[in-house]
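Participant: If you scroll down you'll find the structure; I have some questions about it.
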Amino acid sequence: MPEAKAYAAASAKSPLALTKIPRREPGANDVQLEILFTGVCHSDLHTVRNEWSSFMPTVYPAVPGHEIVGRVAKVGKEVKKLKVGDIGAVGCLVDSDGTCPECKDGLEQFCANATFTYNGQDKKLGGVTYGGYSDSVVVDERFVLRVPKGLDHAGAAPLLCAGITTYSPMKHWGVKKGKKVGVVGLGGLGHMGVKFARALGAHVVVFTTSPNKKEDALRLGAHEVVLSKDANEMAKQLGSFDFILDAVSADHDVNAYLNLLRRDGNLTLVGAPEKPFPISAFGLIMGRRSLSGSPIGGIAETQEMLDFCGKNNIVSDVEIIPIQKINEAYERLLKSDVKYRFSIDMASLKAE
Ligand SMILES: NC(=O)c1ccc[n+]([C@@H]2O[C@H](COP(=O)([O-])OP(=O)(O)OC[C@H]3O[C@@H](n4cnc5c(N)ncnc54)[C@H](OP(=O)(O)O)[C@@H]3O)[C@@H](O)[C@H]2O)c1
Ligand SMILES: [Zn+2]
Ligand SMILES: [Zn+2]
């Protein structure tokens, strides 16, 4: 069995450390990527620390990473999408049944038999799936995306989760010119949300708890920035939004944002904090507002998003780190101290 180098957590309390993991020999429909960059998603941290134990308990050792850009190293004989040397990408999904109504609609993210890139059930090798904090990965070509030429590889990696997770609900809820859109939390997801909302033509307002991010928010494309702890600033925005994307990773008051929606406005949660929170019925009743959630996106829409980024020259703002700094990076994520996504340079893993 071929092996790959990887960084794994042995338990919810362990730091990530070097290990070896099995990777399958590419089959007829498989693509093997030599991983160049992997983005660091807050979901990696939630998973490593088993913070989603009630929904999807973590299986250890856990190798996170679902924002992967790599160079095609090998292809199976049936593979048509990519050839050796091409730049490919893998996001949060590596397989699905392909036969259910969700898959037939091209919405693999809703397939009951979808396989997540990490902490999923590996239907080919058995055991658990291992993600992109690794030097290579083998994935069915149906789940490998093409990276448009010209996009910076380190900045493109986060598009595979932070990008699609913010693009998909904005398309679904009709974000376009003439709409007022809020983005709550200027982290990895939030900063991509700002870029997409602006590129789609909306009036964009960022809500942040970090005063030092104000200038960045404007530079990233926001028309206005609101410090969410300032009650006066919040009050000025009451009842005015068509759509709000909540990308906060921790406990916060969602009701404050429901009140900012206008009639028939929608608040979509993409952030997935550990603990449930209370919702005021009147915040929804008055104004016929809606509250929903949205997970990542399907493969076709992920390619559409990448192509949109290619055309509009959109990538994530990244701080490139060696894999050896990953535990430090997690601590900084918890302090909202990242501008605005860590992208791991996997060349650093070769040195170990
Ligand atoms: N739905 C999906 O499919 C999906 C996909 C990927 C990630 N996620 C989830 O989305 C969330 C965000 O992920 P991310 O990678 O963007 O995380 P991140 O980079 O850590 O950003 C989270 C941001 O939330 C804000 N925040 C943090 N703690 C807060 C608090 N106590 N109160 C208010 N705001 C706070 C901060 O923004 P400010 O400094 O601007 O306040 C922070 O930068 C995570 O829960 C992640 O698991 C969901
Ligand atoms: Zn993610
Ligand atoms: Zn399916």
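The values are calculated or read from the model by the stated rules, or taken from the named source; none is laboratory data. Only a predicted model underlies this, so the values are computations on that prediction, with no experimental measurement involved. Counting neighbours? That spans all protein chains shown, and the Cβs are built from the backbone with ideal geometry, glycine included.
Participant: List the residue pairs whose Cβ atoms are under 6 Å apart, where the first residue sits in segment 103-120 and is more than 25 Å from Tyr60 (Cβ to Cβ), the second is in a strand (DSSP E or B) and more than 7 Å from ligand 3 (Cβ to nearest atom), and the two are 6 or more positions apart or on different chains.
Facilitator: Glu108/Leu93
Participant: Separate question: For segment 151-181, what are the residues that are more than 16 Å from ligand 1 (Cβ to nearest atom), over 18 Å from the mean Cα position of the chain (by Cα) and over 17 Å from Gly221 (Cβ atoms)?
Facilitator: The one that is more than 16 Å from ligand 1 (Cβ to nearest atom), over 18 Å from the mean Cα position of the chain (by Cα) and over 17 Å from Gly221 (Cβ atoms): Gly174.
Participant: Oh, and also: Tell me, yes or no, whether segment 36-56 has at least one residue that is surrounded by 20 or more Cβ atoms within 10 Å (Cβ to Cβ), over 19 Å from the mean Cα position of the chain (by Cα) and not in a loop (DSSP other than H, G, I, E, B).
Facilitator: No, every residue in segment 36-56 fails to be surrounded by 20 or more Cβ atoms within 10 Å (Cβ to Cβ), over 19 Å from the mean Cα position of the chain (by Cα) and not in a loop (DSSP other than H, G, I, E, B).
Participant: With Lys124, Lys149 as the choices, which residue is away from ligand 3 (no atom under 16 Å from the Cβ), within 29 Å of Lys104 (Cβ to Cβ) and not aromatic (Phe, Trp, Tyr)?
Facilitator: Criteria check complete, one pass: Lys124.
Participant: Separate question: Specify which of the listed residues (Phe116, Phe110) is of a type in the set (Phe, Trp, Tyr) and away from ligand 2 (no atom under 16 Å from the Cβ).
Facilitator: Phe110
Participant: Go through segment 152-163 and give me each residue that's buried (at least 20 other Cβ atoms within 10 Å of the Cβ) and more than 16 Å from ligand 2 (Cβ to nearest atom).
Facilitator: The one that is buried (at least 20 other Cβ atoms within 10 Å of the Cβ) and more than 16 Å from ligand 2 (Cβ to nearest atom): Ala154.
Participant: Could I ask something else about it? Among (1) of a type in the set (Phe, Trp, Tyr); (2) crowded, with 16+ Cβ neighbours inside 10 Å; (3) without any contact (Cβ under 8 Å) to a residue 40 or more places away in the chain, which single condition is Phe282 missing?
Facilitator: (2)
Participant: Among the residues of segment 101-119, which ones are outside any loop (DSSP other than H, G, I, E, B) and over 18 Å from Arg23 (Cα atoms)?
Facilitator: Of everything in segment 101-119, those that are outside any loop (DSSP other than H, G, I, E, B) and over 18 Å from Arg23 (Cα atoms) turn out to be Pro101, Glu102, Cys103, Lys104, Glu108, Gln109, Phe110.
Participant: Another question, if that's okay. Given the options Tyr133, Tyr167, name the one that is within 16 Å of ligand 2 (Cβ to nearest atom), closer than 18 Å to Phe196 by Cα, at pLDDT 95 or above and among the aromatic types (Phe, Trp, Tyr).
Facilitator: Tyr167
Participant: Kindly provide the set of residues from segment 301-337 that are within 25 Å of Leu200 (Cα to Cα) and hydrophobic (A, V, I, L, M, F, W, C), ordered by number.
Facilitator: Met305, Leu306, Phe308, Cys309, Ile314, Val315, Val318
Participant: To continue, here is another question. Looking only at segment 81-100, count how many residues are part of a loop (DSSP other than H, G, I, E, B) and either away from ligand 1 (no atom under 15 Å from the Cβ) or among the basic types (Lys, Arg) (or both).
Facilitator: 11
Participant: Of these, Gly70, Gly65, which one is away from ligand 1 (no atom under 13 Å from the Cβ), closer than 19 Å to Asp95 by Cα, under 18 Å from the mean Cα position of the chain (by Cα) and not in a helix (DSSP H, G or I)?
Facilitator: Gly70
Participant: Taking Leu186, is it outside any helix (DSSP H, G or I), closer than 26 Å to Ile344 by Cβ and either small (Gly, Ala, Ser) or away from ligand 3 (no atom under 16 Å from the Cβ) (or both)?
Facilitator: yes
Participant: Among what's in segment 229-255 and is out of contact with any Gly (no Cβ under 9 Å at 6 or more places or on another chain) and not charged (D, E, K, R), pick the residue that is surrounded by the most Cβ atoms within 10 Å (Cβ to Cβ).
Facilitator: Applying the filter and picking the extreme gives Met234.
Participant: Conditions: (1) touching a strand residue (DSSP E or B) at 6+ places or on another chain (Cβ under 6 Å); (2) modelled with pLDDT under 95. Ser54 meets all but one. Number of the miss?
Facilitator: Ser54 satisfies every listed condition except (1).
Participant: Something else now. Which condition number does Glu78 fail, the rest of (1) of a type outside the set (Lys, Arg); (2) in a strand (DSSP E or B); (3) more than 11 Å from ligand 1 (Cβ to nearest atom) being met?
Facilitator: Result: Glu78 fails condition (2) only.
Participant: Considering only helices (runs of 4 or more DSSP H) fully contained in segment 215-323, which possess at least 2 residues that are closer than 30 Å to Gly150 by Cα and of a type in the set (Asp, Glu)?
Facilitator: Ranges flagged: 299-312.
Participant: Kindly indicate whether Ile321 is closer than 23 Å to Leu36 by Cα and within 16 Å of ligand 2 (Cβ to nearest atom).
Facilitator: Answer is no for this residue.
Participant: List every residue pair whose Cβ atoms lie under 7 Å apart, where the two residues are 6 or more positions apart in sequence or sit on different chains, the first residue falls within segment 171-189 and is more than 23 Å from Gly39 (Cα to Cα), and the second residue, located anywhere, is charged (D, E, K, R).
Facilitator: Lys179/Asp242; Lys180/Asp242; Val181/Asp242
Participant: Would you mention how many residues in segment 120-156 are in contact with a helix residue (DSSP H, G or I) (Cβ under 7 Å, 6 or more places away or on another chain), more than 16 Å from Arg23 (Cβ to Cβ) and in a loop (DSSP other than H, G, I, E, B)?
Facilitator: 4
Participant: Residues in segment 65-82: is at least one under 22 Å from Lys13 (Cα atoms) and at pLDDT 95 or above?
Facilitator: yes
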